[in-house]
Amino acid sequence: MKDEERIRCPIHDLIGFKRSRDEDVLLWNLIQTSSFQRLRRIKQLGFSEFVYPGATHSRFSHVLGAMQMARRMLDVFEKNQAFEDVENLPIERKATLAAALLHDLGHGPYSHVFEEVCSARGLKKKHEEYTLDFINSDDVQKELTDAGVFEKTKRFFSSEPGYSVFNAVISSQMDCDRLDFLCRDRHHTGVRSAAIDLAWLFDSLRIEKVPVDDGGQVREYSFVFAEKGMAVAEEFVIAYMKMYHTVYFHKTTRGVQHLVKDMLVDLLDNYSDRPEIKGLPFIKFFAGDQGLDVYEKLDDNSIVSLVHLAADKEWGLSTDLAKRFLNRKNYKCFEIQSTPTGNIPRNKLDQFREALREQNVYFVDDFLSQRTYKQHAVTDSGFLKNILIKIDGEYESLGSVSSLLKGPAQRVARIYFRDDEDRSKAKDIFAGLH
Amino acid sequence: LKIFTAARTCTQVRAAAFHSVAYSGLYIERAKKLNGSFTVFVLCSTVRIKASRYKSTMEGTEMNAEALVLAVLDAVPGHEVRGKKRLQKLSYFAVESGANTDVDFFLHDFGPFSPDVARATDLLSLFGEIIEEDAQYGQAKKYLKVFRLANPGAVAERLPQQTLKSIAVLNDYSTIELEIASTIRFFMREGLSAAAAVSATKELKPSKSEPNIIRRAEDALAKAGLDERRRADQVSDSRSNRI
């Protein structure tokens, strides 16, 4: 490490590291580990680039940004004397920044698709568990141990949110992760709305112990907005909703995810007859070799290389889907809107599916069910409604003081088809149902 | 390793296997059903071995996640549950106390969690079979999802009598007490002794593990008949003392 290192970032401008600062030396050394460098090869938004060509930024850039966001938050809280009772602030701060940097280490290639393929193959280990595995790996563990924060850093991932004041920076409604990905994803997609006034947001943000149970018996640390922060809290909500509707759950992006998932599942079903792919990390992983040495090699390129191989062969469905992926011939979406009461009649949907099966029309149900991902937390309205504002010394939920969150969320059932012809047939079938 | 059991669901098979290998140093990881047979995965130190295949001997229909959620709502007073977390915990306890289903739970932020139950709840709400509303409750004035059966008379599959009794007992406890109780139970099922399960829960959930909450959680497990591990530990301790 030189006396001073800098990384240029489109959101935070210069992210600096000084050799004279202990915490910066640790952070810089962590960035140099192979586990961390792997994140250069995993896109933050997966297939969103099929809709927003600029959205090719990596998880590497996001985690650097999350760390910088955590730094900014800690600086503000320090200035506001929020850490007066903290015993060893330099160590706590170092561990918090390390956790911000390491929080996404365990993501697999094209995260959502990979986890869906894992689920289809009966593998239940989550990316959070791989994050812990990476933290326990030799090179990362050594850096953290040398800096005296190995156990403290691990604690962020092995105990639940809300335990400590620093925990709120890493995992809460307004944590460094969410704030960075909202700003970064907006920048790279080119979405013009959904801006967040970060300076004002930080200035309005406090950390307090608030009741979390019905009786007020249990209190945990949470971010609370000062009254002057009401507008910026609303801005955050709008940004979240906007990004959710226009980016994270864009119907084209979900279509590509289903197409690639189908291709990968078909390849895994038939790999034993295809010696060309048996030795590839992706196949080895699903064949049972699930050690960290293999997992480390699973990046977006490990899937794209499979796509190229499949496209050049005569492997039936895999080849067809691989070619379609390369040429953006996506699955086609048919949306069934909810009724005025907000429901979709199950009988009609069941009849629809049955008719599709009878006519041999392949389809994929897509019931927005990805709640385990933070980007999709907006599907849970309570998440946004429960952002706290302190008005006249009382905690109020944003949902009760802002008119933004009064209406029910619009719901929709999406069904994907292989091509336009199938979708047209499906539309006719649906129109004929009572 | 051969296990003979009348169990007919993955959860029950796992439970039967768990009891069969108790104190042997083996740990039952999971049970999986394939073509009518069950495979039980056993951990011996860190090596996973395929241990045994055996057939279910009882006929019966397994509830899917949707039927489980409907049956849990059917079992509670007013057919209403306040909060997603509470619905998850009651569903977990329904499975633990004998509901015939292959729904799996893993340890998540707020204790045992099943993506299948979460997805089923979404779908039932989308189809209008349960009513989902936001409402503010308690001192925290937090918004909670309130889930209610839309047609209480139309629930096709019901929980067994023993499960209904357990759910009735557990429904008297607060959501945080259920969260702690279900986490202790989860750790016990992972092979920890009762005392070690409580310690692991305190470690994982430091701010919620107040002594009175732990006490209430243990009380809930005892009253619901879900503390067999503690009873087994006590028997084992008394035997050791005699020796």
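Quick look at the values:
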read-out: Test item: Cα-centred dipole of segment A:1-156, Lys/Arg +1 and Asp/Glu -1 on Cβ, debye; value: 520
read-out: 1.4 Å probe accessible area per residue over segment A:384-434, in Å²; value: 52
read-out: Of all accessible heavy-atom area on the protein assembly as shown, the percent that carbon and sulfur account for (1.4 Å); value: 48
read-out: Length-normalised contact order of chain A in % [C-alpha pairs under 8 Å, at least 6 apart]; value: 15
read-out: Given charges at beta-carbon only (K, R positive; D, E negative), |dipole| of chain A in Debye; value: 1140
read-out: Peptide B:119-128, shielding by other chains (average Cβ, 10 Å cutoff); value: 5
read-out: DSSP bridge orientation in the protein assembly as shown - percent antiparallel, rounded to nearest 5; value: 95
read-out: Relative contact order %, segment A:83-155, counting alpha carbon pairs below 8 Å whose residues are six or more apart; value: 40
read-out: Total accessible area lost when A and B pair, probe 1.4 Å, Å² to nearest 100; value: 3400
read-out: Value of D in µm² per second that Stokes-Einstein yields for the protein assembly as shown, Kirkwood Rh from Cα pairs, at 4 °C (1.567 mPa s); value: 48
read-out: Degrees separating the helix A:176-189 axis from the principal Cα axis of chain A, which is the longest one; value: 50
read-out: Paramagnetic label zone (point 7 Å from Cα along Cα-to-C-beta, A:VAL401; backbone N under 20 Å) in segment B:102-143; value: B:135-143
read-out: Euclidean distance of C-alpha centroids, segment A:318-362 and segment A:226-302, integer Å; value: 20
read-out: Positive-end residue of A:LEU123, A:GLY108, A:LEU97, charge dipole of segment A:93-132 with Cβ unit charges; value: A:LEU97
read-out: Dipole of the protein assembly as shown, positive direction: furthest Cα of A:ILE238, B:SER114, A:ILE196, with charges on the beta-carbon; value: B:SER114
read-out: Test item: B:207-220 mean partner chain Cβ contacts at 10 Å; value: 2
read-out: Karplus (6.51, -1.76, 1.60) ³J(HN,Hα), θ = phi - 60°, over segment A:76-86, in Hz, Gly and Pro reported as x; value: 5, 5, 5, 4, 8, 6, 6, 10, 4, 8, 6
read-out: Rounded accessible area per residue of segment A:107-213, 1.4 Å, Å²; value: 36
read-out: Nonlocal amide H pairs with A:GLU220, under 5 Å, H built at 1.01 Å; value: A:VAL210, A:VAL212
read-out: Helix-only [θ]222 nm of chain A, DSSP H runs n ≥ 4, -39500 (n - 2.57) each, per residue, nearest 500; value: -14500 deg cm²/dmol
read-out: Chain A: angle of helix A:89-102 to the longest principal axis, Cα-based, in degrees nearest 10; value: 10
read-out: Exceeding the 32 Å Cα-Cα cut-off - candidates A:LYS125/B:LYS89; B:LYS84/B:LYS165; B:LYS32/B:LYS142; A:LYS94/B:LYS145; A:LYS43/A:LYS284; value: B:LYS32/B:LYS142; A:LYS94/B:LYS145
read-out: Debye, to nearest 20: dipole size of segment B:121-243, +1 on Lys, Arg Cβ, -1 on Asp, Glu Cβ; value: 460
read-out: Accessible-area value, A:SER193, 1.4 Å probe, nucleic acids and ligands omitted, Å²; value: 50
read-out: Per-pair calculated FRET efficiency, R0 = 51 Å: A:GLN359 and A:LEU132 via Cβ, rounded to 0.05; value: 0.60
read-out: R0 of 60 Å, Cβ-Cβ distance A:HIS245-A:ASN88: FRET efficiency to nearest 0.05; value: 0.85
read-out: Relative contact order (percent, whole number), segment B:99-181, Cα cutoff 8 Å, 6+ residue spacing; value: 22
read-out: Reciprocal mean inverse distance between Cα atoms of segment A:2-160 - Kirkwood radius, Å; value: 16.8
read-out: Nearest 10 degrees, 0 to 90: helix A:251-270 Cα axis against chain A principal axis; value: 70
read-out: 5 angstrom amide H check on B:ASP102, placed H, neighbours 5+ away; value: B:MET63
read-out: With all protein chains modelled, accessible area of A:SER272 [1.4 Å, Å²]; value: 70
read-out: Net charge of neighbours whose Cβ lies under 15 Å from the Cβ of A:ILE277, counting Lys and Arg as +1 and Asp and Glu as -1; value: -2
read-out: Interchain or long-range residues, amide H under 5 Å from B:ILE131's placed H; value: B:ARG148, B:LEU149, B:ALA150
read-out: Positive-end residue of B:ILE213, A:THR252, A:PHE17, charge dipole of the protein assembly as shown with Cβ unit charges; value: A:THR252
read-out: Karplus-derived 3J(HN,Hα), 6.51/-1.76/1.60, for each residue of segment B:217-232, Hz, glycine and proline x; value: 5, 5, 4, 4, 5, 5, 5, 8, x, 10, 10, 4, 5, 4, 5, 5
read-out: Viscosity 1.002 mPa s, temperature 20 °C, Stokes-Einstein D of segment A:82-209 from Kirkwood C-alpha radius, µm²/s; value: 129
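The values are calculated or read from the model by the stated rules, or taken from the named source; none is laboratory data. The shown structure was predicted, so the numbers you read here are calculated from the model rather than taken from an experiment. Counting neighbours? That spans all protein chains shown, and the Cβs are built from the backbone with ideal geometry, glycine included. Note: accessible area is taken over every heavy atom of the protein model, side chains too, but ligands, DNA and RNA are not part of it. Shrake-Rupley method; radii C 1.70, N 1.55, O 1.52, S 1.80 Å.
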